[in-house]
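I have placed the structure first, in the form of structure tokens, so that the comments after it can refer back to it.
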Amino acid sequence: MVSRKPDITSRQRRLLEELEKCDDEMSGQELHRQLHQGTSSMGLTTVYRNLQVLIKKGLIRSRHLPTGEVLYTPVARDIHHLTCVDCGETRALDECPVETTKLPKKTSQNFELLFHTLEYFGICQKCLENKTS
Ligand SMILES: [Zn+2]
Ligand SMILES: [Zn+2]
């Protein structure tokens with residue numbers, strides 16, 4: 001297996017490093033704020049544009065919350081979430097339910113798989129209790 005070394009700009013590298021440093025996912029706003037405190041500040045539009053490039057290169061992935069907010073994580077971190085559609089609360093799963101699933105050979109032929117996403121949506125315990133009481 002050939003190791004991929006996608007060529008990225010110094011700005012994209014900065015964004016990727018910020019995401020790798022953080023234990024949690026980050027929104028574009030948070031990344032923008034974070035970089036603003038350092039020496040490599042960039043405009044919010046630039047942040048979002050470069051995040052899109054990183055997604056296309058298969059280095060990070062994004063997750064859309066019911067609130068419309070988008071969160072970013074490095075693809076190396078394989079986390080999935082349960083998200084409540086009522087209050088927007090999200091909870092990370094302990095392990096990846098996808099890992100053991102093999103793609104059918106026919107489907108994965110001539111396709112270099114970079115990452116996967118999987119999200120669960122539902123109603124959290126708190127919201128369920130509010131509904132029944
Ligand atoms: Zn809820
Ligand atoms: Zn996974």
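The values are calculated or read from the model by the stated rules, or taken from the named source; none is laboratory data. Values in this document were obtained by computation on a predicted structure and should not be read as measured data. Cβ coordinates were reconstructed from backbone atoms using ideal geometry, including for glycine residues, and neighbour counts include every protein chain displayed. In case anyone asks, the SASA skips ligands and DNA or RNA and just uses the protein heavy atoms, side chains included. Shrake-Rupley method; radii C 1.70, N 1.55, O 1.52, S 1.80 Å.
One table, with the values for the structure above:
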{"item": "Solvent-accessible heavy-atom area per residue, rounded to whole Å², over the chain at 1.4 Å", "result": "70 Å²"}
{"item": "Unmatched cysteines, the chain - criterion: no other Cβ of a Cys under 4.7 angstrom", "result": "CYS22, CYS87, CYS96, CYS127"}
{"item": "Where Cα atoms sit under 21 Å apart: lysine pairs in the chain separated by 8 or more or lying on different chains", "result": "5"}
{"item": "Hz values of 3J(HN,Hα) by residue in the stretch 42-58 - Karplus curve (6.51, -1.76, 1.60), Gly and Pro given as x", "result": "9, x, 4, 4, 5, 4, 5, 5, 6, 5, 4, 5, 4, 5, 4, 7, x"}
